[in-house]
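> Let me give you the structure first, and then I'll get to my questions.
Please treat every number below as a calculation from the coordinates, not as lab data. Since the model is a prediction, treat every value here as computed from it, not as a measurement. All Cβ positions, even for glycine, are placed from backbone atoms using ideal geometry, and neighbour counts span all protein chains on display.
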Amino acid sequence: MYDFFLLIYLFINIFKIVYESLFLKKKKKNLLERLSLKKYNFFSQDKTVIWIHSVSLGETAAAAPLIKKIKEKIKTGYIILSSSTETGNNKAKELKEADKCIYMPFDLSFVIKRVFRQIKPDIVIFIETDIWFNFLKHSKKLNAKIFLVSAKISEKSANRYSKIKFFSKKIFSYFDLIITQNEDYKKLFIKAHADEKKIIVGKNLKFDIEAKEINILQKNNLIDRLNLKNKTVLSIVSTHDNEEDLILSNIKNFIEDQNYIIFLAPRHPERFNFVYSLIKKKYKNIIKLSEIENRSDEKIVLIDKMGFLHILFNLSKVSIVGGSFIKNIGGHNILEPLLYNTKILFGPYMEMQKDLVNLTILHNIGISSNLADLNLNIKKLLDKDFNENDFINSKKSLIKSLKGSSNIIFENIFK
């Protein structure tokens, strides 16, 4: 029955899938992998196969400290890192500790069986929320130990699971252990019919992320090309459909002020060109990062390259984190910008990051703002009376207190 409904979903989306496969080379590779029509070339003989699944960019970045620890401690480990998105797959390939990076196969029985004829996982680790019934079922048939770590679930999802008790109890029964991010998520998993005896409270893996080393040449090149020495940099990051226009419309005075320059980094690469065209029509003075050699006096720089966010944060006085000004996204990791000493603003729709929101506000290192108050709140963070030393000390204290998820997970899986 589950396969039947999944096939219906694929059938409904077949035209989109075929179009992307024919005209987008990366999507074609993605499709072949997800249907298990591409030979994986696993080299896992005499190894402990550890399959880690992280759905997208944020979860993959969060998995890095755990993967490094596993590789360091488990000498016989062969790590497969799967993801469901292009950004997640690209990030996975940056992690040299992962032995194989692939797209997560479609969760159809015949696809999963074909994958498992090539590889038999000994340990399966799902990061956060992206879990798949057939993958779990067939992994367990191979006697794999299965874990859900840094686990979280929304109130809405918990309510849905609670209404389909038979399915919910079955899917969660495949897990040997669920390690939630906090006590609230533990309660929601119990509400969703997960076995309370198999749930413990840990921490959020995203809090174990370390600051990336800044490439000084890249940074100085940006400063020179964009004439940033006498400018105040604001960055708008991880935005979704319609957020770019909503945010920019409410900070027009900063766009018009010659003392400011604005970096804009949409969440998904496939939207780069669309966002550029949209903003170009309305504001004119926008340029792509890939074209800054031809810059004149543009005030908005669209980040159309991956791997630049940490440099952006390092250059920015204030970072506005998207996924939080529109409904149904739930917010993104607002801790990452803090690693680079930029102050943060985020919108009111942060329901998937509630604990982090409360902590940043409590420590006075971030502001939750509606769109109408963006101007006012940016000015607050830029005010000369804002104590930079207090900000840095509070930020360091908070980050230190939040770390430790990787250790908790490792000790409970490999004890």
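> Top mean-square fluctuation among ALA62, ALA92, ALA192, Gaussian network model of the chain, C-alpha springs under 10 Å?
Comparing ALA62, ALA92, ALA192 in a Gaussian network model of the chain, the most mobile one is ALA192.
> Considering the chain as a Gaussian network with a 10 Å cut-off on Cα pairs, which listed residue, ASP208, ASP184, ASP304, attains the greatest mean-square fluctuation?
Its mean-square fluctuation being the largest, the pick is ASP184.
> Taking only DSSP H segments of four or more residues, each worth -39500 (n - 2.57), what value at 222 nm results for the chain once the sum is divided by all its residues, to the nearest 500 deg cm²/dmol?
Computed ellipticity for the chain at 222 nm equals -13000 deg cm²/dmol.
> Which aspartates and glutamates does LYS395 reach when only Cα atoms under 20 Å apart count, and residues fewer than 8 places away in its own chain are ignored?
Leaving aside aspartates and glutamates fewer than 8 places away in the same chain, those within reach of LYS395 are ASP208, GLU210, GLU213, GLU336, ASP355, ASP383, ASP385.
> Separate question: Order these peptides, 260-266, 100-106, 399-405, 226-232, by their mean beta-carbon neighbour count within 10 angstrom, highest first.
260-266, 100-106, 399-405, 226-232
> When DSSP assigns beta bridges and you keep just the ones with both residues in the chain, what percent turn out antiparallel, to the nearest 5?
0
> Then there is this: Using only Cα atoms, find the angle between the long axis of helix 109-118 and the longest principal axis of the chain, and express it within 0 to 90 degrees, rounded to the nearest 10.
90
> If you find the alpha carbon centre of the stretch 269-310 and of the stretch 147-203, how far apart are they in angstrom?
Taking the Cα centre of the stretch 147-203 as reference, the centre of the stretch 269-310 is 41 Å away.
> Any idea what angle helix 216-225 forms with the longest principal axis of the chain, computed on alpha-carbon atoms, 0 to 90 degrees, nearest 10?
With both axes taken from Cα atoms, the answer is about 40 degrees.
> Across the chain, how large is the tail of the calculated P(r) beyond 40 Å, expressed as a percent of all Cα pairs? Kindly include the intermediate steps, with their values, before the conclusion.
Working: 16793 of 85905 pairs.
That fraction is 20 percent.
> On to the next question. Pick from ASN375, ASN221, ASN358 the residue whose mean-square fluctuation is largest in a GNM of the chain, springs joining Cα atoms under 10 Å.
ASN221
> Still on this structure, please answer the following. Hey, which of these cross-link pairs are over 22 Å Cα-Cα: LYS69/LYS93; LYS219/LYS343; LYS145/LYS197; LYS71/LYS152; LYS38/LYS169?
LYS71/LYS152; LYS38/LYS169
> Relative to the first principal axis of the alpha-carbon coordinates of the chain, what is the inclination of helix 57-73, with its axis defined by its Cα atoms, in degrees from 0 to 90 and to the nearest 10?
It is inclined by approximately 60 degrees.
> Counting Lys and Arg as +1 and Asp and Glu as -1, each charge on the Cβ, what is the dipole of the chain about the Cα centre in debye, to the nearest 20?
On the way: 69 positive and 45 negative charges, 283 e Å.
With Lys and Arg at +1 and Asp and Glu at -1, about 1360 debye.
> Taking the Cα centroid of the stretch 319-348 and of the stretch 44-104, what is the distance between the two, rounded to the nearest whole Å?
The two parts, judged by their Cα centres, are 25 Å apart.
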